[in-house]
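Step one of this worksheet: look at the structure below.
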Amino acid sequence: LARRLADGAATAMRLTKRAAYQGLHLDFTTHLDQVSSHFVLAAKSPEHREGVNAFLEKRKPDFRV
């Protein structure tokens, strides 16, 4: 599990960890707004493009972009 997480997209992992931490300190509605913002940031990342391209090309993604 640790290897799979380490090989994943760093931006998505960073935003997920941030959202989890913020969720402990925010009300539900504010937290949903934050998660939506994180989703937009992740979707604009080069790692997202690599993940989509890898999926379409049926290959493993290389997130070291």
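Of the conditions (1) assigned to a helix (DSSP H, G or I); (2) out of contact with any Pro (no Cβ under 6 Å at 6 or more places or on another chain), residue 51 fails just one. Which one is it?
Looking at each condition in turn, residue 51 falls short on (2).
What number of residues within the range 54-63 are part of a helix (DSSP H, G or I) and either surrounded by 13 or more Cβ atoms within 10 Å (Cβ to Cβ) or in contact (Cβ under 8 Å) with a residue 60 or more places away in the chain (or both)?
Count: 1.
May I ask you to list the residues in the range 1-40 that are loosely packed, with under 15 Cβ neighbours inside 10 Å, closer than 21 Å to residue 63 by Cβ and within 13 Å of the chain's Cα centre (by Cα)?
5, 6, 7, 10, 14, 17, 18, 20, 39, 40
Values in this text are rule-based calculations from the coordinates and carry no lab data. Here the structure is a predicted model, which means the values were calculated and not measured. No Cβ is skipped: glycine too gets one built from the backbone with ideal geometry, and neighbour counts run over all protein chains shown.
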